[in-house]
Every structure is written in structure tokens, then in C-alpha cells.
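Participant: Pasting a structure here, questions to come.
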Amino acid sequence: MQNQSTHINTQMLTVQQALDIAIEYFQEDNLAEAKSLCNKILSVDTENPNCYNLLGIIEAQEGQYQNAILFFNRAISIKKDCSYFYNLGKSYKDLHKLDQAVDNFRLAISLDSSFPIIYFHLGMTLREQGKYKDATEVLRSLVNLTPSDSESLLNLGSILAEQNEHDEAIEYYNKVLALEPTHQSALYSSAIVLANQSRMSEAKHMFDRLLYSHPTDAFKIKAAWQIPVIAPSTQALIDWRNEFSSKINELIKSGLQIPDPLTELGKTNFYLAFQGFDNRELNNKVAQLMVSVCPSLTWTAPHCFIKRQTQGKIRVGFISNFFHLHSIGKTSRGLMAELSRDQFEVHSLFVPPIINDPISQLIQDSSDHYHILPHSLDEARKAISDLKLDILFYQDIGMEPFTYYLAFSRLAPVQCVSFGHPDTTGIDNIDYFISTDFFEMPDADSDYSEKLIRLHNVGTPTYYYPPDYNVQVKQRSYFGLNDQTNLYFCPQTLFKFHPDFDSILADILNRDNQGVIVCLEAHIPHWTKLLKQRFQCSIGKAADRILFLPRQNFNDYLNLLAISDVVLDTIYFNGMNTTLEAFSVGTPVVTLPGQFQRGRHTLGMYRKMKIEECVAHDPADYAKRAVRLTTDKKFRKVISSKIVERNSELFKDQQVIKQWEEFFTNALNASLD
């Protein structure tokens, strides 16, 4: 074709013949010749829309999307064609101008609704915008067009799973598997969705199928690393933990390699913390496995090899994926805002995706510098290294994969974690776990792979702003509740409901025939279904008086706290924000302290307020105290008054700031010795 081009004379060819040759050049990736011939065509036929369209395609392929848009719009001005609008939409999408992309994809479909590729790109663009319902409807149309196309079925299943429509997602994965029984993505996606629903035996069966056809190192680890969310019994948890420990031991010996655990595994030990056991050994084992499969995780920033020379401000970095309207955002913002700027330079490190709301804005405004980290571990490590931080404070290791894997690296001379996810990490490069003496048992040091630091005489390790509660109180009838019942509210997420808690709930209901326990539905419907089934077995007929309300907006949630007779604290893993919010409206919280600090948060707050009446000694005592608070109205009023009088001890506590400042200074000095 290259030699032939020198003999082409557009006067001797028809325009269409010349355009066909230009298309051939393009298909052969000879873009310069294709572009040159298009320009010759336009010198003869200035109103040729197909020629403008081809030039737009060439510009887009070269990454010149703005130029491409000009050519596509020129083509459309001459002729409204489905393909022109589609190509224009693609260029807008590549420029991340998603509204314009959606508009043009929809125009393309209005002109010709028979092209599956347009539905695909429209659906994916809507998904990227967070318009999941609209995207789902578009992908349903795509499946109707291509009912036997595996990728269309898989994409629809995936977007349904993202909306927690797990049962329907599995239906579409099964349709893919009916067409292609060993389809890797369908097997994997189905296994993950089943595990996320806590359908553990079904998930294991699907992982077995996956490993039989695709025995990759990553899938071997993922298959072992699925933690039950709603367990049927305590014994089931014990059995699972024993099996999990054995599997991790085997994997450590297997010589597996995972170049990028974030993308290939994307897992943490999150649900271990809710099982009520000492997790140090298991968390250590998983960390050991991660280092063995990916030694590069333990990368060290260059400045950590050099002794700090400057005597200037201590550079402290706070890092999280949850710096927004989230429990982590609520408990983190105060310390960042109040830390002395005479001594410290505060950096907030946002892990994407970023959610913009008043709390994220407050954190940005309260920081001396805020940074949005890159999406990859390697780039994020280098970006943090460039900041040359003295201290890196992880807010919540174990809550999500990015900071979990990042924490294996040495990115600052001092690295610490606190109660954001209140469990030891098992990671060698995390030096300190900061708690309080009110939270910890005397022998708690052995619970941690980190060095345990106890703040003294503070209700929590956080500088906490009291909730803004200036809304009119709504009556129980607003929530469909009876005014004549005694209302026990347990607003914790359902994975905190340990099987051992069931007997306490049963005891409360048996002691109080007028009692109703109110919980909130899980964001994954199957969890609610599993917990209801467990209650029917463990509690019996009285379980009919355990009600599940839909998840509430924040004002309605605070209203529920305010109109409840008592809040029930889950055992083994207490509330933190929940308890503080209950205390802010004067509602008593009954608690049974556990062995580990994650089950002693409410105890710590009561110790600070010097209130003992709501702290139980054993399960029977828990039920007894809860029932008294709901049935003895005078007693309840006395306790509520005490809480209202003393809850200021828990909010905006300057002692918390002072002790964090002392810890940061002492920890950095210790690292220099």
C-alpha cells in the first residue's frame, strides 16, 4: 500500500474508492497515509461525513481526543449517524467528560438500537458515574440483545453484585457457566459473591470448581482466605479458625508468588475481629504469608535509613480510605484539627476513591497539607516516601486492602495504628498500637504484635466532636413501633452479633414480656436472613419480638437512639461511635466488657464518667440490668440524667490531644536512639 499511495490521483478515483483505501491504511495502522488521503478527499468533497468520521477515529487513536471531537461534530453537522454519535461519546468518555459521553451514547441508540457495543459503553459510563440503577437497566437491554454473550451476562451480574443484589447476580453468573462451565471470571465472581453473603459451603464448592480449572497462586490463597460473616454457632467459628490456621500454614510452605497482592488478592482479616478470640497468632500468620508471597511489600523509604537531622516540626501523616462521613472520619478529624502546629506539621493522606462531604472537607481544611494517593501500591509508597514523614499514623489497618498492604512497608521512622479497626495487625513494620488504660486489661500487652501504648484517664483515644442533634424528636409510631412496648435498641452492624450474644437477647425477652429488640437490616440482605434464621434456632418463639428496621439516615438514627429505653452493646466487639452518639442524647447503654479492648470501649467511657450501673459482670447480669432500665422508669431517668450531666467528659477532651502529642514526640525520639 505504501508504494501505491504515490500513484493515487483523487481525480482518477471516485471519492468512495479513495475513502476505502484510506480505511485500509487505517486498518494497517498506517495512520499518516490514512490522514493524508482523507485530507485529499476533503479537498474534493468538503461535505463528506464519513471522511470527517475517519479523521476523528484516527485522532482518537493517537490520543488527540479534542481534535477527534471536532471531526465527529463536523460529521454530525452534515449527517446524523449512529456511529458518529457513538464515536463522539467514546472520545468524551476518554476525556472523562462523562455527562457528554452519556448524552451521545443515548443519541446513538435513539438512531439505531441494534448495536450491543453502544449499550456496553453507555452502561459502563453510567456505572463510572455511580448511577448504578440506570447502568443496570442499560446492561439488561444489552443482555436482551445478546442473550448468549458471556461478557454481557457477566457485566450485568457484576453491577448487580455491586448493588448487593447478590442472588440475581449469581443467576447471571450461572447463565455464563451454563454456556462456558469453566469460565474463569464467572466462577471467581460467583465464589466471591457467595462468600460475601456468608454462604460458606456454597462458596467453597465454587472455589473448588475454580481451582480445578484455574489453579493460580492467587486463587489458592483467596479460596483459603474467606471468613464467615454471620456464623451459625460459636463451635462453627472454632472449627473454621482451626481449619483456616492449617490452610495458612500450608500456603506459607507452598512457595506461592503474588506480584501485586492489592489487585490479585484484595483481602484483609477484617471479620476475624468479630469472632471473640485472640487473633494475634492468626494475624501474624497471614502477615507472614503475605511477606512470603510478595517480599517487595516490605519496601523501605530511603529517608528511613538516614538519621533525622533537622530539629523542625514533626511531620505526622494520617492515612485512611475513610476520611469522610464514616466512623473513621468522625474519630480522626478532631486530632488532626487540634494537634499543636507549633510542634507538628499535619499531612492527611486520602486513599481513593475520594468521597467529598463536610467531614472530608473539614479534614482537608484542618491539615497543613492533604494528599490524594495514587491507586497503585508502588506509586503510593513512592508518593508517601517523597513526603519524608517522621510519623505515619494508620487510622484503620484491616478495614480495607489498600492500607493493609501499604502497612507492610517502612514509610516513616515511626508507624502506628489505633482503634479504627481494633485488632492487632501482625505486621512487623507497625511499631505501636495506641489505646487507653480504661480499655485494656492489665496483661493486654501480649494481645498485640505492636508495642501497646496506653493513654491515661481518657474515655477514648479520640478528640470527639459531639453529634449535631438539633432535629425535632420523632415518635415511635414514625418508625412503626408501639409506644406501649419496652424498646431495646441494638444498632450495631449485624456481623457484630456473635452467637454467644443470642442467649443474652433470649434472656432479656424472657424476662420482659413487653420487650421488643430493634436492630437495623444489613446492607447485604442475606446477612439479615441468616441472622433471623439463627435467632429462630437459638431463641425460638421469642425471636418474633426482634424487629429489623431499614437502615436509617443519620437524623432518624439519632432519633431512634433518643426514643429507645436502652441501647444494647454487642459483646466481644462494642460500639465506639454508636455509644458516643447514644450518650450524646442521654440514652443508657448496657455493656458486658470482654477480654480484648474491642469489647471494652463502652466500659472505658463509663469509667471516665464514673457511672457503674450499666456495666454487667456476666450474661445474666447483662439481661437483668437491661430489663431494669426499661421497666424501672425512675431508675432509667436517674441514669440518663447522670449521662447527660457527665457526657462532656467524652467530648473535645484536651487531655487526649496532649497525650497524643507526648506520644508522637517520645516515639520519634526513641526511633533516633
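The values are calculated or read from the model by the stated rules, or taken from the named source; none is laboratory data. Being a predicted model, the structure only gives us computed values, none of them experimental. Counting neighbours? That spans all protein chains shown, and the Cβs are built from the backbone with ideal geometry, glycine included.
Participant: Among residues belonging to region 212-244 that are within 21 Å of the chain's Cα centre (by Cα) and assigned to a loop (DSSP other than H, G, I, E, B), point out the one that is surrounded by the fewest Cβ atoms within 10 Å (Cβ to Cβ).
Facilitator: TRP225
Participant: Scan region 300-323 residue by residue and report those that are under 27 Å from ILE258 (Cβ atoms) and either within 25 Å of the chain's Cα centre (by Cα) or of a type in the set (Ser, Thr, Tyr) (or both). I'd like the intermediate steps shown before the answer.
Facilitator: Taking region 300-323 and keeping what is under 27 Å from ILE258 (Cβ atoms), we get 300-302, 304-305, 317, 319-322.
Matches in region 300-323: THR300, GLY317, ILE319, SER320, ASN321, PHE322.
Participant: Considering each of ALA75, ALA68 in turn, give the residue that is of a type in the set (Gly, Ala, Ser), surrounded by 22 or more Cβ atoms within 10 Å (Cβ to Cβ) and under 20 Å from HIS96 (Cβ atoms).
Facilitator: Numbers: ALA75 fails: under 20 Å from HIS96 (Cβ atoms).
ALA68 is the lone residue from the list that is of a type in the set (Gly, Ala, Ser), surrounded by 22 or more Cβ atoms within 10 Å (Cβ to Cβ) and under 20 Å from HIS96 (Cβ atoms).
Participant: Another question, then. Tell me the residue from GLU202, GLU171, GLU180, GLU162 that is touching a residue at least 12 places away in the same chain (Cβ under 8 Å) and within 28 Å of GLN536 (Cβ to Cβ), please. Reasoning before the result, please.
Facilitator: Details: GLU202 fails: touching a residue at least 12 places away in the same chain (Cβ under 8 Å); GLU180 fails: within 28 Å of GLN536 (Cβ to Cβ); GLU162 fails: within 28 Å of GLN536 (Cβ to Cβ).
Going through GLU202, GLU171, GLU180, GLU162 in turn, just one is touching a residue at least 12 places away in the same chain (Cβ under 8 Å) and within 28 Å of GLN536 (Cβ to Cβ): GLU171.
Participant: ALA287 passes all but one of (1) among the small types (Gly, Ala, Ser); (2) surrounded by fewer than 20 Cβ atoms within 10 Å (Cβ to Cβ); (3) closer than 30 Å to LYS388 by Cβ; which number fails?
Facilitator: Here ALA287 clears every test but (2).
Participant: Here's a follow-up. Do we have GLN288 as closer than 25 Å to PRO401 by Cβ and in the same structural domain as ILE221 (by TED's automatic domain parsing) here? Walk me through how you get there before you give the answer.
Facilitator: On the way: closer than 25 Å to PRO401 by Cβ: yes; in the same structural domain as ILE221 (by TED's automatic domain parsing): yes.
Considered against the rule, which asks whether it is closer than 25 Å to PRO401 by Cβ and in the same structural domain as ILE221 (by TED's automatic domain parsing), GLN288 comes out as yes.
Participant: Are any of the residues in region 544-561 on the phi > 0 side of the Ramachandran plot and either of a type outside the set (D, E, K, R) or not assigned by TED's automatic domain parsing to the domain that holds THR493 (or both)?
Facilitator: Step one: filter region 544-561 for residues on the phi > 0 side of the Ramachandran plot, giving none.
The answer is no; no qualifying residue exists.
Participant: Next question, about the same structure. So, in region 618-670, how many residues would count as being surrounded by fewer than 17 Cβ atoms within 10 Å (Cβ to Cβ), of a type in the set (Ser, Thr, Tyr) and either assigned by TED's automatic domain parsing to the domain that holds ARG333 or under 36 Å from the mean Cα position of the chain (by Cα) (or both)?
Facilitator: Count: 2.
Participant: Further question: What's the number of the only condition in (1) closer than 17 Å to SER367 by Cα; (2) touching a Pro at 6+ places or on another chain (Cβ under 7 Å) that LYS330 fails to meet?
Facilitator: (2) is the only condition that LYS330 fails.
Participant: Here's a check for you: in region 565-598, which residue that is among the small types (Gly, Ala, Ser) and crowded, with 24+ Cβ neighbours inside 10 Å is modelled with the highest pLDDT? Explain how you work it out, then say what you get.
Facilitator: Of the residues in region 565-598, the ones among the small types (Gly, Ala, Ser) are 575, 582, 584, 586, 594.
When the remaining residues are screened for being crowded, with 24+ Cβ neighbours inside 10 Å, the result is 575, 582.
Values: GLY575: 93, ALA582: 96.
By that ranking, first place goes to ALA582.
Participant: Any residue that is over 27 Å from GLN163 (Cβ atoms) and assigned by TED's automatic domain parsing to the domain that holds ARG636 - is there at least one of those in region 523-537? Walk me through how you get there before you give the answer.
Facilitator: Step one: list which residues in region 523-537 are over 27 Å from GLN163 (Cβ atoms), which gives 536-537.
Applying the additional criterion that residues be assigned by TED's automatic domain parsing to the domain that holds ARG636 yields 536-537.
Looking through region 523-537, at least one residue is over 27 Å from GLN163 (Cβ atoms) and assigned by TED's automatic domain parsing to the domain that holds ARG636.
Participant: Could you please let me know if LYS40 is over 28 Å from GLN100 (Cα atoms) and surrounded by 15 or more Cβ atoms within 10 Å (Cβ to Cβ)? Spell out how you get there, then give the answer.
Facilitator: On the way: over 28 Å from GLN100 (Cα atoms): yes; surrounded by 15 or more Cβ atoms within 10 Å (Cβ to Cβ): yes.
When the stated conditions are applied, LYS40 passes them.
Participant: Oh, and also: Would it be correct to say that ASP431 is modelled with pLDDT of 95 or more, assigned by TED's automatic domain parsing to the domain that holds PHE596 and of a type in the set (Asp, Glu)? Write out each step before concluding.
Facilitator: Numbers: modelled with pLDDT of 95 or more: yes; assigned by TED's automatic domain parsing to the domain that holds PHE596: no; of a type in the set (Asp, Glu): yes.
In short, no.
Participant: What tally of residues in region 501-515 results from selecting those that are out of contact with any Leu (no Cβ under 6 Å at 6 or more places or on another chain) and either buried (at least 18 other Cβ atoms within 10 Å of the Cβ) or not assigned by TED's automatic domain parsing to the domain that holds TYR622 (or both)? Spell out the reasoning first.
Facilitator: Filtering region 501-515 for residues out of contact with any Leu (no Cβ under 6 Å at 6 or more places or on another chain) gives 501-514.
Among the residues that remain, those that are also either buried (at least 18 other Cβ atoms within 10 Å of the Cβ) or not assigned by TED's automatic domain parsing to the domain that holds TYR622 (or both) are: 501-502, 504-509, 512.
Summing the residues that are out of contact with any Leu (no Cβ under 6 Å at 6 or more places or on another chain) and either buried (at least 18 other Cβ atoms within 10 Å of the Cβ) or not assigned by TED's automatic domain parsing to the domain that holds TYR622 (or both) in region 501-515 gives 9.
Participant: Does ALA224 count as within 26 Å of LEU122 (Cβ to Cβ) and in contact with an Asp or Glu (Cβ under 9 Å, 6 or more places away or on another chain)?
Facilitator: No, not satisfied.
Participant: Now for a separate question. Just wondering, is there one or more residues in region 470-478 that are under 30 Å from the mean Cα position of the chain (by Cα) and either modelled with pLDDT of 95 or more or in the same structural domain as GLN552 (by TED's automatic domain parsing) (or both)?
Facilitator: no
Participant: Continuing with this model, one more query. Looking at region 546-568, can you tell me whether even one residue there is of a type in the set (Asp, Glu), touching a Ser or Thr at 6+ places or on another chain (Cβ under 7 Å) and within 18 Å of ASP500 (Cα to Cα)? Break it down stepwise before answering.
Facilitator: Narrowing region 546-568 to residues of a type in the set (Asp, Glu): 556, 565.
Pick out the ones that are also touching a Ser or Thr at 6+ places or on another chain (Cβ under 7 Å) and you get 565.
Applying the additional criterion that residues be within 18 Å of ASP500 (Cα to Cα) yields none.
Checked region 546-568: no residue is of a type in the set (Asp, Glu), touching a Ser or Thr at 6+ places or on another chain (Cβ under 7 Å) and within 18 Å of ASP500 (Cα to Cα).
Participant: Of all residues in region 28-69, how many are in a helix (DSSP H, G or I) and under 40 Å from the mean Cα position of the chain (by Cα)? Walk me through it before giving the result.
Facilitator: Within region 28-69, the first condition is being in a helix (DSSP H, G or I), and the residues that meet it are 31-44, 49-61, 65-69.
Retained after the next criterion (residues that are under 40 Å from the mean Cα position of the chain (by Cα)): 56-61, 65-69.
Total satisfying the criteria: 11.
Participant: Ok, one more. For region 79-198, list the helices (runs of 4 or more DSSP H) that sit wholly inside it and hold at least 1 residues that are touching a Lys or Arg at 6+ places or on another chain (Cβ under 7 Å) and either on the phi < 0 side of the Ramachandran plot or not assigned by TED's automatic domain parsing to the domain that holds PHE270 (or both); which are they? Lay out the reasoning, then the answer.
Facilitator: Values: elements: 82-94, 98-111, 116-128, 132-145, 150-162, 166-179, 184-196.
Passing ranges, in order: 98-111, 116-128, 132-145, 150-162, 184-196.
Participant: A further question on this structure: Taking the condition part of a helix (DSSP H, G or I), modelled with pLDDT under 95 and of a type outside the set (Lys, Arg), does LEU530 pass? Full working, then the answer.
Facilitator: Details: part of a helix (DSSP H, G or I): yes; modelled with pLDDT under 95: no; of a type outside the set (Lys, Arg): yes.
Answer is no for this residue.
Participant: Would you point out the residue of region 374-423, among those that are touching a Pro at 6+ places or on another chain (Cβ under 7 Å) and surrounded by 20 or more Cβ atoms within 10 Å (Cβ to Cβ), that is nearest to ALA287 (Cα to Cα)?
Facilitator: TYR405
Participant: Going residue by residue through region 57-77, is there one that turns out to be at pLDDT 95 or above and over 29 Å from ALA32 (Cα atoms)?
Facilitator: Within region 57-77 (the criterion being at pLDDT 95 or above and over 29 Å from ALA32 (Cα atoms)), the answer is no, since none of the residues qualifies.
Participant: One residue is enough: does region 510-519 have a residue meeting the conditions more than 22 Å from GLU581 (Cα to Cα) and among the basic types (Lys, Arg)? If you could, list the steps in order and put the result at the bottom.
Facilitator: First pass over region 510-519, keeping only residues more than 22 Å from GLU581 (Cα to Cα): 510-515.
Now drop any that are not among the basic types (Lys, Arg), which leaves 511.
Yes, there is a match, as at least one residue in region 510-519 is more than 22 Å from GLU581 (Cα to Cα) and among the basic types (Lys, Arg).
Participant: Can you confirm whether region 351-365 contains a residue that is more than 19 Å from VAL417 (Cα to Cα), out of contact with any helix residue (DSSP H, G or I) (no Cβ under 9 Å at 6 or more places or on another chain), modelled with pLDDT of 95 or more and charged (D, E, K, R)?
Facilitator: So far as region 351-365 goes, no, none of its residues is more than 19 Å from VAL417 (Cα to Cα), out of contact with any helix residue (DSSP H, G or I) (no Cβ under 9 Å at 6 or more places or on another chain), modelled with pLDDT of 95 or more and charged (D, E, K, R).
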